Amino acid sequence: MITLLYFARLREVLASEGESLPWPQALDVAQLKRLLAARGGVWQQQFAENPRLRAAVNQALVADNAVIEDGDEVAFFPPVTGG
Amino acid sequence: MITLLYFARLREVLASEGESLPWPQALDVAQLKRLLAARGGVWQQQFAENPRLRAAVNQALVADNAVIEDGDEVAFFPPVTGG
Amino acid sequence: MTVRVQAEDFDLGAEVRQLRLQSAGAGAVVSFVGQVRDLNLGENVASLTLEHYPGMTEKALQAIVTQAQARWPILNALVIHRIGTLQPLDQIVLVAVASAHRGDAFAACEFIMDYLKTEAPFWKKESSSKGEQWLEALGTDHQARERW
Amino acid sequence: MTVRVQAEDFDLGAEVRQLRLQSAGAGAVVSFVGQVRDLNLGENVASLTLEHYPGMTEKALQAIVTQAQARWPILNALVIHRIGTLQPLDQIVLVAVASAHRGDAFAACEFIMDYLKTEAPFWKKESSSKGEQWLEALGTDHQARERW
């Protein structure tokens, strides 16, 4: 299983704070995004058509080729706007 | 007359906070320094042999070619070290 | 080096005082305070809500401070970032850096702010007379970070 | 824009709070506090005495702030410089700048400090275990000013 977390505008658009997902094999972030986009609707919009989407694996920002292992915490969110 | 003021280390070396000086004609800062250096001793050292001496006329930093008029306030001091 | 994420306000005077008295050899403390602007994007801002990613936020801020320490000989640094709902003129963020010489404190403080703006997981949602909206990241923030 | 030369200590928190609340549209306040180092030139400093040139000092500080205003879109600025005898860890100087965006506040605050260090008529005399001595101006301060 992996833990998925959604933040800020993405959380509102998906109407979800996160979820658990079975994770039988190591895939990368790009592959996870395709998997989520395949749900269609807002999932397709956010994970396939949103170049500004950011990803973190185990609380560190990563690029799309970062590999996700079973047990990882994966977060998706818009560009940060703190400070 | 002009008013002369000495500050910080210069004030201590000259043992003077300042003085008034008759000023019959407009001279520049370099000429005033030669006039003061002619007093000899520490005056010679400070006004003829001290390239780090700074001058202000009417409370604005000036170069040696600034002209001093009757009634002006002229200050001499070491490089500033505030902040 | 201290990093805090909190809903409560902070006391700039008390924080900087503690920082400078705890930093042996410090001659300079540079601090940055960000506040909620009373005018934003031309609309009256009624309030601003800051969301964050608990856990990652603290790690990201600590990593930013560690990078600053590696680049400048700083003696101490403090980052406080608020979360929750804030009103116009409320303080949002404090970054303070103590060092022996002022140039290092200025550089490290600005560096930390520039990195915080682009790497720390906070998001701002604004309530104004036009309703609610998430703030968009600014291109200028990314340019600011690229300088370093 | 405010410039003060005073023997009394100042309250960073209160001063910055006033500055930011009085600056409509301000999103950022950068402040610099200089303090008496507890170690200076390798000798224990017992105290530091600041002499100034009354009248010229205020004019020089005002001129420095005016230059900063001309160069950056700053909303407000404050300079407080202490005179008289100070102890280690006492505050010496405060420069605070409010602006809409942080880059301008950082630049203007550092510019004011760099100019103050080379143009404002203050002189420091140090009392240490080795006796009294006037501090020499640093070449690095002139280099810092030349950057701008």
Subject >> Near pairs, Cβ below 8 angstrom, 6+ apart or cross-chain, from region B:27-49 (closer than 13 Å to residue B:76 by Cβ) to any residue that is basic (Lys, Arg) and exposed (fewer than 14 other Cβ atoms within 10 Å of the Cβ) >> reply: B:47/B:34; B:48/B:34
Subject >> Identity of the residue in region D:48-70, away from chain B (no Cβ under 12 Å) and touching a residue at least 60 places away in the same chain (Cβ under 8 Å), that ends up surrounded by the most Cβ atoms within 10 Å (Cβ to Cβ) >> reply: D:65
Original post:
Scanning for something within 28 Å of residue D:127 (Cβ to Cβ) and part of a strand (DSSP E or B), does region D:54-71 turn up at least one residue?
Top reply: no
Original post:
Could you count how many residues in region A:17-26 are surrounded by fewer than 16 Cβ atoms within 10 Å (Cβ to Cβ) and touching a strand residue (DSSP E or B) at 6+ places or on another chain (Cβ under 8 Å)?
Top reply: 5
Subject >> Subset of region B:39-83 [among the hydrophobic types (A, V, I, L, M, F, W, C) and within 13 Å of another protein chain (Cβ to nearest Cβ)] >> reply: B:53, B:55, B:56, B:57, B:60, B:61, B:62, B:74, B:75, B:76, B:77, B:80
**OP:** Provide a single number: the residues in region D:101-148 that are among the polar types (S, T, N, Q), facing chain B (nearest Cβ under 10 Å) and not in a helix (DSSP H, G or I).
**Re:** 1
**OP:** Working carefully through the options D:49, D:140, D:118, find the one that is over 25 Å from residue D:16 (Cα atoms) and in contact with a Lys or Arg (Cβ under 6 Å, 6 or more places away or on another chain).
**Re:** D:49
Original post:
Is it fair to say residue C:61 is within 19 Å of residue C:86 (Cβ to Cβ) and in contact with a Ser or Thr (Cβ under 9 Å, 6 or more places away or on another chain)?
Top reply: no
Original post:
Are any of the residues in region D:78-85 farther than 19 Å from residue D:9 by Cα, among the β-branched types (Val, Ile, Thr) and in contact with a helix residue (DSSP H, G or I) (Cβ under 9 Å, 6 or more places away or on another chain)?
Top reply: no
Subject >> Residue count for region C:1-47, restricted to those that are in a strand (DSSP E or B) and either facing chain D (nearest Cβ under 10 Å) or modelled with pLDDT under 95 (or both) >> reply: 15
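Take the residues in region A:35-83 that are among the charged types (D, E, K, R) and surrounded by fewer than 13 Cβ atoms within 10 Å (Cβ to Cβ); name whichever of them is nearest to the chain's Cα centre (by Cα).
Per the stated criteria, the residue is A:64.
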**OP:** Sort out which residues of region B:1-38 are of a type in the set (Lys, Arg) and within 14 Å of another protein chain (Cβ to nearest Cβ), and write them in order of number.
**Re:** B:9, B:11
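For region C:74-89, check the following and say yes or no: at least one residue is over 21 Å from residue D:27 (Cα atoms), assigned to a loop (DSSP other than H, G, I, E, B), modelled with pLDDT of 95 or more and not small (Gly, Ala, Ser).
For region C:74-89, residues over 21 Å from residue D:27 (Cα atoms), assigned to a loop (DSSP other than H, G, I, E, B), modelled with pLDDT of 95 or more and not small (Gly, Ala, Ser): absent.
The values are calculated or read from the model by the stated rules, or taken from the named source; none is laboratory data. These numbers were taken from a predicted model, which means no experiment stands behind them. Ideal geometry is used to build each Cβ from the backbone, glycine not excepted, and the neighbour counts take in all protein chains shown.
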